[in-house]
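The values are calculated or read from the model by the stated rules, or taken from the named source; none is laboratory data. Fair warning: this is a prediction, and the values are worked out from it, not measured in the lab. Counting neighbours? That spans all protein chains shown, and the Cβs are built from the backbone with ideal geometry, glycine included. All accessible areas refer to the heavy atoms of the entire protein, side chains included, with ligands and DNA or RNA removed. Shrake-Rupley method; radii C 1.70, N 1.55, O 1.52, S 1.80 Å.
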Amino acid sequence: MAALYSTTCRSHSYSLLPSSSSSSSFHGQNHQRLNFSSYIAKRVLPAKVSFHSRRNYHLNVVLMQDGAVATPATLVENETPFKKLKGGLLSSVPLIQEFKEAASFDVNKDEPTVSITVVGASGDLAKKKIFPALFALYYEGCLPKHFTIFGYARSKMTDAELRNMVSKTLTCRIDKRENCGEKIDQFLKRCFYHSGQYDSLENFAELDKKLKEHEGGRVSNRLFYLSIPPNIFIDAVKCTSSSASSSIGWTRVIVEKPFGRDSDSSAALTKALKQYLEEDQIFRIDHYLGKELVENLSVLRFSNLIFEPLWSRRYIRNVQLIFSEDFGTEGRGGYFDNYGIIRDIMQNHLLQILALFAMETPVSLDAEDIRNEKVKVLRSMRPLQLEDVVVGQYSSHTKGGVNYPAYIDDSTVPKGSLTPTFAAAALFIDNARWDGVPFLMKAGKALHKKRAEIRVQFRHVPGNLYNQDFGNDLDLATNELVIRVQPDEAIDLKINNKVPGLGMRLDRSNLNLLYAARYSKEIPDAYERLLLDAIEGERRLFIRSDELDAAWALFTPVLKELEEKNVIPEYYPYGSRGPVGAHYLAARYNVRWGDLSIEQ
């Protein structure tokens, strides 16, 4: 499979059949045993047959070096001619026919193909992020030799119209190579469109037929990206599973946030998804986990001896996770008002980063080992209390002769809305490593600056000989590690240093790793990394259902209390540094927000 990737991409190979633990590659010269009892249970009967019935299938085929079937397969029991689906539905593809298809593949002749279907292809996310990310992967040679991209949406559109729409968002930004136009043309030739309803089994069956035509009899792996509102997730997943899942190979579904509004709605969504998919088929995407500096967190900590011994309550005074945008909702207020800043940013993006930051050393870099440690952190966290939360909402403001509207001035926002556009919170992890260390989160819209960063403030040096040189403000002497996620990705370590000269004057200096200056290669977009991970079956940066449950358990009680008590947010001017209440919250735990210091 190495031939499917350029040297700039990962050297992982695709597995022939879907398995949460399998890492077998599709090598034509090797003996391969295809365990069809697992295959039948997981994909030929895609989450429609009761798990208890799997033991009744005993199918095994050995593919020899020449691709011949050495051992004929027989159905021992339950030779049902159709796939039995939940709810009494029957699929239109006979089981025996699918088994014959599976047994007929020539391993030497056929290479697997990946069919990527963007469900909701006419939406902004698909146009601005998903298609450009797929093209970037193609441009870098990261997609397999055989791949097809389908757009699926309710809008009536031809293949040519889809290609024209997609072409407007594609750029050859990577390394500024010369054959840009040629690459775009080649990529667009792989893009097709099918119009249909999201709840139509028939429309998805038509899509399945088109996919098979392009797959050309190869082992077909299928990835569905649900770029659609959450209220139609289940309909789309049901139709995908019933009518368009791969008959041999894996089928995976990427689900965009929000994953519910609270614990109950999230659990209901997970339960509904698992009626049609297994957990290892569900890829819950949080694009912040795909950002370069977030992925570098574990590298920074676990591969540098100077950091790991310091990563605990003994040396760290507080940790700050800060997210700010310098613009408001700008016409998206109708969507945002249903969720608010806590659900939109804190419960997922910032909490996921916190879990990665605070987790114990995993047994390995395997996805499950890492996610196990993240879950332990989330379950160790103290329930969030209302007194540890500050909420705000931006108001109108005039600056430089420009009038900036208030949140409630957005025509899509209900009048009198109390939905917070800013929130700050103090969280605590009750375990041996982090007991007593405040983890402060802050997220807001229409603030003075756009940024996302992690700030680690270390404890004061005990008995510091140079305290007199810093005066009464010991915070000036505090070492601080700043991991800037965006923009201008960088890692800063603030240290105390002597200013050159005959006197003894101290200065706070930065040891700075600015990515743009250090690395000439442009940093990939988060969606590129996550799409490639989904294709390869790498789940490390995707959210498992128990992670989601633990995350919602932290925030649901305080969200419910805020809404039941109709807590009025503190108003702050558009373009300001946010509500004053956030400073009082930090001061209660003897913390000063690092992004508001004089040097900032």
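For segment 484-498, state whether one or more residues are in contact with a Phe, Trp or Tyr (Cβ under 9 Å, 6 or more places away or on another chain), at pLDDT 85 or above and open to solvent by less than 10 Å² (accessible area, probe 1.4 Å).
Within segment 484-498 (the criterion being in contact with a Phe, Trp or Tyr (Cβ under 9 Å, 6 or more places away or on another chain), at pLDDT 85 or above and open to solvent by less than 10 Å² (accessible area, probe 1.4 Å)), the answer is yes, since at least one residue qualifies.
In this structure, does LEU211 turn out to be in a helix (DSSP H, G or I), modelled with pLDDT of 90 or more, in contact with a helix residue (DSSP H, G or I) (Cβ under 9 Å, 6 or more places away or on another chain) and closer than 24 Å to GLY537 by Cβ?
yes
Per-residue answers, yes or no, for (1) among the β-branched types (Val, Ile, Thr); (2) part of a strand (DSSP E or B); (3) surrounded by fewer than 17 Cβ atoms within 10 Å (Cβ to Cβ); (4) touching a residue at least 60 places away in the same chain (Cβ under 8 Å):
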site	(1), (2), (3), (4)
GLY249	no, no, no, yes
VAL255	yes, yes, no, no
LEU293	no, no, no, yes
LEU321	no, yes, no, yes
PHE327	no, no, yes, yes
ILE341	yes, no, no, yes
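Counting only residues that are closer than 23 Å to ALA126 by Cα, basic (Lys, Arg) and open to solvent by 40 Å² or more (accessible area, probe 1.4 Å), how many does segment 213-244 have?
Residues in segment 213-244 being closer than 23 Å to ALA126 by Cα, basic (Lys, Arg) and open to solvent by 40 Å² or more (accessible area, probe 1.4 Å): 1 in total.
Can you tell me which residue in segment 541-588 is surrounded by the fewest Cβ atoms within 10 Å (Cβ to Cβ), limited to those that are of a type in the set (A, V, I, L, M, F, W, C) and part of a loop (DSSP other than H, G, I, E, B)?
Going residue by residue through segment 541-588, those that are of a type in the set (A, V, I, L, M, F, W, C) are 541-543, 548, 550-555, 558-559, 562, 567-568, 580, 582, 585-587.
Among the residues that remain, those that are also part of a loop (DSSP other than H, G, I, E, B) are: 541-542, 567-568, 580.
On the way: LEU541: 25, PHE542: 22, VAL567: 15, ILE568: 10, VAL580: 13.
Among them, the one singled out is ILE568.
Scan segment 345-385 for residues that are open to solvent by 10 Å² or more (accessible area, probe 1.4 Å) and of a type in the set (Phe, Trp, Tyr) and report the count.
Of the residues in that region, 0 qualify.
Could you check how many residues of segment 589-600 are open to solvent by 30 Å² or more (accessible area, probe 1.4 Å) and part of a helix (DSSP H, G or I)?
1
What are the pairs, 6+ residues apart or on separate chains, where a residue within segment 387-416 that is in contact (Cβ under 8 Å) with a residue 24 or more places away in the chain and surrounded by fewer than 17 Cβ atoms within 10 Å (Cβ to Cβ) has its Cβ under 9 Å from a residue that is aliphatic (A, V, I, L, M) and part of a loop (DSSP other than H, G, I, E, B)?
SER396/ALA406; HIS397/ALA406; HIS397/ALA446
Please enumerate the residues belonging to segment 450-474 that are open to solvent by 70 Å² or more (accessible area, probe 1.4 Å) and either modelled with pLDDT of 90 or more or small (Gly, Ala, Ser) (or both).
LYS450, GLY463
Please indicate, with yes or no, whether at least one residue in segment 266-275 is under 14 Å from THR117 (Cβ atoms) and at pLDDT 90 or above.
There is no residue in segment 266-275 that is under 14 Å from THR117 (Cβ atoms) and at pLDDT 90 or above.
Among the numbered criteria (1) open to solvent by 50 Å² or more (accessible area, probe 1.4 Å); (2) in a loop (DSSP other than H, G, I, E, B), which one does LEU513 miss?
Status for LEU513: all satisfied but (2).
List the pairs whose first member sits in segment 488-514 and is closer than 18 Å to ARG301 by Cα, whose second member is aromatic (Phe, Trp, Tyr), and whose Cβ atoms are under 8 Å apart, counting only residues at least 6 apart or on separate chains?
Going by the 8 Å Cβ cut-off, the qualifying pairs are GLU489/TYR515; ALA490/TYR515.
When only residues in segment 302-343 that are modelled with pLDDT under 90 and acidic (Asp, Glu) count, which is farthest from GLU489 (Cα to Cα)?
ASP337
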